[in-house]
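Notes for the one structure printed next.
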There are 2 protein chains.
Amino acid sequence: MKKSFLLFTFLLLSASLPQAEEAKVAVGNNGIAIPEGYKNFRLIGVSQRSDDQTLRAILGNDVAAEAARSGKTNPWPNGTILAKLGWKQKPSDKFPAATIPGDFTRADFMIKDSVKYASTGGWGWGRWIGMELKPYDKPDFAQECIACHSIVKDQDLEFTRPVKLP
Amino acid sequence: MKKSFLLFTFLLLSASLPQAEEAKVAVGNNGIAIPEGYKNFRLIGVSQRSDDQTLRAILGNDVAAEAARSGKTNPWPNGTILAKLGWKQKPSDKFPAATIPGDFTRADFMIKDSVKYASTGGWGWGRWIGMELKPYDKPDFAQECIACHSIVKDQDLEFTRPVKLP
């Protein structure tokens, strides 16, 4: 009876993972589909960019989070998925010294597979724009990503260094 | 056999949740223990503060995340736990337009229980300082929190408005 209850709980939890809506979004960007469940990925980092006035949250799937917490991110292990979520920044109307997120700008993804993505630095690169998650879908998109990320080729083409956590 | 495997998987997942180390930290701050598993809470928001030059990530437990995603955060439901994690900000040495997290500064928590914490605005308030998570532990700490958070009494004493997510 107890086993059945636990099994039922497990199946219920599995079935209720909030992934369905994201899976519907059209495949785009170098043949990459938007990773399922990315909104529930774990914290890897945060940043603010003065060039485009955005705030960012960098989240990672379980492989990425475990790598980040154990300091094994150079290279990031195969199976890593990093989600970079951005919002236009704005001042808080409640606390003027705070800058907070406004409109959602885009979701960028880096998916590590050193075999599958060998020709693009070991990473699959994807970008979706705005709340409607419109695929960025440019012909040379991966090369556009790499052109900038090559600045950090000494840290596996990834700008984000995981935040320090107690 | 299949059921046994699923049950085993479920028990294994339950047992491997990375909560043990956090539970060791001393109880402090208005009698509140540091919430277990907070590093794996889900994204609620990010912010930057110019008054103390910090970057923040605001994470929430499942109750908080579900409330945030369904827009039911005024009031936040009982059972909500919000974790506000802060880092001293610094410029990126790889991408000068980016401001990124440096040293971890503190972890603040708000725990919603309108009965248990009726005398402190319906929230339990806790703060731990630095990588060693030293309890802040001041006698009038809850009142110190409320004094500032009363600015946002029209949004259940909570500054953070959940980020927009697709």
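The values are calculated or read from the model by the stated rules, or taken from the named source; none is laboratory data. Treat the numbers as computed from the prediction; the structure is a model and nothing was measured. Positions of Cβ are generated from backbone atoms using ideal geometry, with glycine treated the same way; all protein chains shown enter the neighbour counts.
Of the candidates B:ILE146, B:ILE111, the single residue that is under 14 Å from B:ILE81 (Cβ atoms), touching a residue at least 12 places away in the same chain (Cβ under 8 Å) and among the β-branched types (Val, Ile, Thr) is B:ILE111. Within the stretch B:42-73, the set of residues being at the interface with chain A (Cβ under 7 Å from one of its Cβ atoms) and of a type in the set (Ser, Thr, Tyr) comprises B:SER47, B:SER50.
Residue-by-condition table, conditions (1) of a type in the set (A, V, I, L, M); (2) modelled with pLDDT under 85:
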residue	(1), (2)
A:ALA23	yes, yes
A:GLY37	no, no
A:LEU43	yes, no
A:SER50	no, no
A:ARG56	no, no
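B:GLY130 meets the conditions (1) at the interface with another protein chain (Cβ under 9 Å from one of its Cβ atoms); (2) surrounded by 14 or more Cβ atoms within 10 Å (Cβ to Cβ); (3) of a type outside the set (Ser, Thr, Tyr); (4) under 16 Å from the mean Cα position of the chain (by Cα) in every case but one. The failed one is (2).
Of the residues making up the stretch B:37-76, those that are surrounded by 15 or more Cβ atoms within 10 Å (Cβ to Cβ), of a type outside the set (Gly, Ala, Ser) and farther than 21 Å from B:SER92 by Cα number 16. Taking the criterion of being more than 9 Å from chain B (Cβ to nearest Cβ), under 20 Å from A:GLY71 (Cα atoms) and in a loop (DSSP other than H, G, I, E, B), the residues of the stretch A:140-161 that qualify are A:ASP156, A:LEU157, A:GLU158.
Results for (1) under 30 Å from B:ILE34 (Cβ atoms); (2) among the charged types (D, E, K, R); (3) in contact (Cβ under 8 Å) with a residue 24 or more places away in the chain, shown as yes or no for each residue.
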position: A:ALA65; (1), (2), (3): yes, no, yes
position: A:ALA83; (1), (2), (3): yes, no, yes
position: A:ALA98; (1), (2), (3): yes, no, no
position: A:ASP103; (1), (2), (3): no, yes, yes
position: A:ALA107; (1), (2), (3): no, no, yes
position: A:SER119; (1), (2), (3): no, no, no
position: A:LYS138; (1), (2), (3): no, yes, no
position: A:VAL152; (1), (2), (3): no, no, no
position: A:GLN155; (1), (2), (3): no, no, yes
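Counting the residues of the stretch A:80-93 that are assigned to a loop (DSSP other than H, G, I, E, B) and either surrounded by fewer than 14 Cβ atoms within 10 Å (Cβ to Cβ) or among the basic types (Lys, Arg) (or both) gives 1.
Working carefully through the options B:PRO101, B:PRO96, find the one that is out of contact with any strand residue (DSSP E or B) (no Cβ under 6 Å at 6 or more places or on another chain), of a type outside the set (Ser, Thr, Tyr) and either in a loop (DSSP other than H, G, I, E, B) or surrounded by 20 or more Cβ atoms within 10 Å (Cβ to Cβ) (or both). Outline the logic, then answer.
Details: B:PRO101 fails: out of contact with any strand residue (DSSP E or B) (no Cβ under 6 Å at 6 or more places or on another chain).
Result: B:PRO96 is the single residue among B:PRO101, B:PRO96 that is out of contact with any strand residue (DSSP E or B) (no Cβ under 6 Å at 6 or more places or on another chain), of a type outside the set (Ser, Thr, Tyr) and either in a loop (DSSP other than H, G, I, E, B) or surrounded by 20 or more Cβ atoms within 10 Å (Cβ to Cβ) (or both).
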